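Just below is one structure, and these are the notes that go with it.
The values are calculated or read from the model by the stated rules, or taken from the named source; none is laboratory data. Everything quoted here is computed from the prediction, not taken from an experiment. Here the Cβ positions follow ideal geometry from the backbone for every residue, glycine too, while neighbour counts run over all protein chains shown. When the accessible area is computed, the model is the full protein with side chains, heavy atoms only, and any ligands, DNA or RNA have been set aside. Shrake-Rupley method; radii C 1.70, N 1.55, O 1.52, S 1.80 Å.
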Amino acid sequence: MNHPPVTLPRLTALARQAAPKLLEAVVAPLAVFYLALAVLGDQWALVVTAAWVYLGVAWRLVRKIKVPATMYLAVFAITVRTIVALWTGTWMWFFIQPEMGTICISIAFLASVRLNRPIVQKLTLDYIHLPSAVLKHERVRRFFARITLLWAFVLLTNSTLSIFLAVYQYLDGSLGAYMLQRTSAVAVISGTAIAFSIIAFKRLLRRLQVAYA
């Protein structure tokens, strides 16, 4: 079977494309939040983080730069989180309510697979470029569907565990213990899923390289 000529990007090149946007949309807001939490307290941490996210989106819109889907998700999440946290004034709800949002996102991941529009593919294309011929390949379509399912269950597991730990540690009055346990558990679960996703993506690229050779 003849295939049109396609140049497959190397994984290292894809990583270089994705890294700056991931830092801006995911890592930077978390760093701002924890820094503000340590210096100003929980309520101001929310306000400062929300301002950071809004500023990042406004800067892109003014300069007519494409806003990644993850930034829109961040805007939605931080808006709901700020409103609920300031309204309740309780650190348990401060941490629980974004997990409720994450559960909704995991459901959206599942629905996107059912609709044949896996969200992971959309998020991936926000950070890296893949040729259109590659995106149309059946193996690529199956890959993104399966990885979307994987991350739907990862998000659901992380959120359920985080809610349980928040309630348990709130009763004991230990925010520090909650942060340590939650961060460790999420790091292990998410780290495993990330490693699996990268290995699976590398395997997919190798198979496509053979197919298009």
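Structural remarks
- Given (1) in a helix (DSSP H, G or I); (2) open to solvent by 60 Å² or more (accessible area, probe 1.4 Å); (3) at pLDDT 75 or above, index of the condition ALA51 fails: (2)
- When VAL167, VAL113, VAL186 are checked against the criterion of being surrounded by fewer than 16 Cβ atoms within 10 Å (Cβ to Cβ), assigned to a helix (DSSP H, G or I) and in contact with a helix residue (DSSP H, G or I) (Cβ under 8 Å, 6 or more places away or on another chain), a single residue qualifies: VAL167.
- Filtering segment 37-81 to residues that are under 19 Å from the mean Cα position of the chain (by Cα) and of a type in the set (Lys, Arg) leaves LYS66, ARG81.
- Within the option set ILE128, ILE189, being at pLDDT below 85 and under 16 Å from the mean Cα position of the chain (by Cα) holds for one residue only, ILE128.
- Candidates ILE147, ILE199, ILE194: the one that is open to solvent by less than 70 Å² (accessible area, probe 1.4 Å), in a helix (DSSP H, G or I) and modelled with pLDDT of 80 or more is ILE147.
- Failed item in (1) under 27 Å from PHE144 (Cβ atoms); (2) assigned to a helix (DSSP H, G or I); (3) open to solvent by 20 Å² or more (accessible area, probe 1.4 Å), with MET71 passing the rest: (3)
- Restricting segment 134-144 to residues that are open to solvent by 10 Å² or more (accessible area, probe 1.4 Å) and not acidic (Asp, Glu), the residue that is nearest to ARG206 (Cα to Cα) is ARG139.
- Given (1) charged (D, E, K, R); (2) part of a helix (DSSP H, G or I); (3) modelled with pLDDT of 75 or more, number of the condition LYS21 does not satisfy: (3)
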